[in-house]
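Step one of this worksheet: look at the structure below.
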Amino acid sequence: MSREIRRTMPLLSMNIVMQLTELSARQIRYYEEHHLIEPHRTEGNRRMFSLNDVDILLEIKDYLEQGMNMAKIKKLFSKKNEPVSTDEPNLSDSELRRIMREEMLQAQRMQKSSIRRGDLSRFY
């Protein structure tokens, strides 16, 4: 069983999580209401927490102790969950070759080695 699967397994009851995090049940439910954690529910509707949930609760507690408010914490967590996007455009092979050719010609004109020459040396 992989480490990530073990960390996401809902194993801990509310009482154990309260002892581990030193948070009250009300605080934990409040963070759940704000969708910062999403504990698993049993058939009897009892919350079961994973190790990842405990880590998130401890992180929230640390942020609060540092003086952050809930709005800022929610913003931090929403940014963490967003997919990473790059602002760099996707270049086609022909565009990339054109840019590299221009750089090498410019470096040759200035009688300097191209910045990319070291990166490209393995290809020629």
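One table, with the values for the structure above:
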quantity	calculated
Sorted by Cβ neighbour density within 10 Å, fewest at the top, the residues 99, 5, 37, 73	5, 99, 73, 37
Where a label projected 7 Å from the Cα of residue 40 along Cα→Cβ would reach, residues of region 50-77 with amide N under 12 Å	50-53
93, 55 arranged by Cβ crowding within 10 Å, fewest neighbours leading	93, 55
Computed magnitude of the charge dipole of region 1-108 (debye, nearest 20; Cβ of K, R +1, Cβ of D, E -1)	400 debye
Neighbour-count ranking [beta-carbon atoms within 10 angstrom, fewest first] of 96, 51, 57	96, 51, 57
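Where a number appears in this text, it was derived from the coordinates with a stated rule and is not lab data. What you see is a predicted model, and the numbers here were worked out from it, not measured in a lab. Virtual Cβ from ideal backbone geometry, glycine too; neighbours counted across all protein chains shown.
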